[in-house]
Amino acid sequence: MSFFIEAGIRVVFAFVFLMVTVLLLVWVERKFISDLQNRIGPDRAGPFGILQTLADGVKSFFKEGIIPARADVVLFIGAPVLAMLTALLTFLVIPIGAPIEINGVSYSLAAMDLNIGLLYVLAMSSIGVYAITLAGWASGSKYPLIGSVRASAQMISYEAAMGLALIPVVMFTGSLSLVAIVEAQQGTFGGVIPAWNIVLLPSFVIFLIAGFAETNRPPFDLAEAEQEIVGGYHTEYSGMKFALFFLAEYINVFNIAAITTVLFLGGWSGPVFGPTVLQWFLPVFWFLAKTWLIILFFVWVRASLPRMRYDHLMAFGWKKLIPVSLVWIILVAVALGFREFGAPWA
Amino acid sequence: MPTLMETVTMADWFRETANWVFLLIAFPTVFGAWRTVSSDNIVRAVLYLVVALGGTAAMFLMLGAAFIGWTVVLVYIGAVVILFLMGIMITRAPLGAEAKLSHGREVKVPAALLSGILFAVIAGSVVDAFGASIIRPFEPTLTTDLANVLFGRFIIPFEVVSFVLLAALIGGIVLARQDDVGGLE
């Protein structure tokens, strides 16, 4: 039974952590983008407007839930739930800190440490596509349908690029477990430069670009291009159902940033010193610091780049990103072959 | 837990928790598969296919084949079926039932017959291969072991299968390109 109790505690903790993070995330994005655009941003609710997201959430709860007359009711309600579900489930495998040792028992700081964690992450993001596709179809309206077809085509295309970008990382570290991937990045090159997977620079860049596309973030937010298709797949959504889509998108942004940290920036690794409690806390701090840095990069890009044209987006995905990642896989494979077996002529 | 097939009674079978989990997965899977062919709404039919495939993935997870289970989710649910769904949405995606979706008897009977034969062949070969052996549920196999088998002993069949996929891809391109050959340009 203790297995179920431990699992329950982990899941509840993960949920609370994510909710607080998303609350901050939405506020940080709005504040930071306001700074970049030379305006103030939310400043009424709480100090520096930090409670604005909470106020918006409460407002969403009290709004009328409108279901269009032509909607498929079950799927219309199910789609935002699915979006939220996959976003939450993805987070479960991400290790937010080094394993903590209490009374000789080591506790992983990922809610669950799957030995095929990376595959699980990809599978969850591919199920997430359903939420958007079904939302558009179930609305029974033309703009959502166009938006959802766009979104699903985009997400499937960039999922391929993302999967291919991850293969060199897996080949390099020899594991699909996120915890094992972080552990493989602990050392240093020559005692100075940390041995992070960012040495696989092409993979890092491709993964980040695909990450923007996967989360439907600008400059790849074609699914909700206001000038062309109103709100895209969530045009007909209001109240809490819309809020769920909104939250799911932000959780996904956090997930992508966290996974980037885990895969390429050494996860929780960083200088650790001091008493035991500090030694538990510092890895979590390093992990969050790196993750938030990437999140700020996401916001910076949003403020700087205009939305891409749809055919450019698809051409970029299929004709540039995927070929480049395939060539990169071959290069990494050859390099690893050399390291493992030596030169073929030797 | 009894070790031989002969000694298992119905009561023994139901005493095993894993069997209850099996039933919990198996019933929705079969239901999903049945509704896939019987549903009147084409989008709903595709979604029932997702349920059936999800059940299959869960079954693999239960057998400890986590890698294959998640690959089923990633490839079949996440890529193949979502492309079905997109194809339907771009061409026709009516809300509500469609009268013309079901075939007549001349298609239904051979299809049912073929499914029956396929089931018999698969069930026969599974019983033949694993017959009396007891598989412990939820014990994961290592992905490395799987890779060693796949890229070691079964490397030739593996590569042959990928050539079949390549042929299908080229066929798809040929079919899609047919309009250009007609001299439209």
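The values are calculated or read from the model by the stated rules, or taken from the named source; none is laboratory data. Not measured: the values here are computed from a predicted model. Methodologically, a virtual Cβ is constructed for each residue, glycine included, from the backbone with ideal geometry; neighbour enumeration extends over all protein chains shown. Side chains are part of the model used for accessible areas, which takes the heavy atoms of the whole protein and leaves out ligands, DNA and RNA. Shrake-Rupley method; radii C 1.70, N 1.55, O 1.52, S 1.80 Å.
How high is the relative contact order of the stretch A:200-322? Use alpha-carbon pairs under 8 Å, at least six apart in sequence, and give a whole percent. Show your work: numbers first, answer last.
Details: 89 pairs, mean separation 37.7, N = 123.
Normalised by residue count, the contact order of the stretch A:200-322 is 31 percent.
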- Message: Heavy atoms of the protein only, probe of 1.4 Å, neighbouring chains included. What is the accessible area of B:T9 in Å², nearest 10?
- Response: 70
- Message: If R₀ is 60 angstrom, what is the calculated FRET efficiency for the pair A:I50 and B:H103, using the beta carbon separation as r and rounding to 0.05?
- Response: 0.50
- Task: Mind listing the long-range amide H neighbours of A:S238? Cut-off is under 5 Å, sequence gap 5 or more, other chains count too, H placed in the peptide plane at 1.01 Å from N.
- Result: A:I66
- Item | Largest to smallest accessible area among B:L63, A:L82 [probe 1.4 Å] | B:L63, A:L82
- Which whole-angstrom value gives the distance between the alpha carbon centres of the stretch A:1-63 and the stretch A:95-174? 21
- Can you pull the three principal axis extents for the Cα set of the stretch A:2-341, in Å, largest first? 62, 46, 46
- Message: If you only keep lysine pairs separated by 8 or more in sequence, or across chains, how many in the protein assembly as shown come under 23 Å at the Cα atoms?
- Response: 6
- Item | Mean Kyte hydropathy of 0.5 or more with a Cα span along the axis of at least 18 Å, helices from DSSP in chain A | A:2-36, A:73-91, A:117-138, A:142-173, A:201-214, A:239-264, A:276-304, A:322-341
- Query: Label-point separation (nm) for A:F273 and B:D128, each offset 7 Å from Cα along Cα-to-Cβ?
  - Reply: 6.9
- With +1 on each Lys and Arg Cβ and -1 on each Asp and Glu Cβ, how big is the dipole of chain A about its Cα centre, in debye rounded to the nearest 20? 520
- Item | Average accessible surface area per residue within the stretch A:2-341, 1.4 Å rolling probe, Å² | 45
- Mean separation of Cα contacts under 8 Å (6+ apart) over length of the stretch A:262-326, as relative contact order %: 22
- Query: Taking all protein chains as present, what is the carbon and sulfur share of the accessible area of chain A, in % to the nearest whole number, probe 1.4 Å?
  - Reply: 72
- Message: Need one number: nm distance between label points at B:L169 and B:T144, each 7 Å from Cα along Cα→Cβ, rounded to one decimal.
- Response: 3.0
- Message: Using the basic label-point model (7 angstrom from Cα toward the beta carbon), what is the B:V121 to A:F17 distance in nanometres?
- Response: 4.9
- Task: Nearest 100 Å² is fine: how much accessible area is buried between A and B, summed over both sides, with a 1.4 Å probe?
- Result: 2200
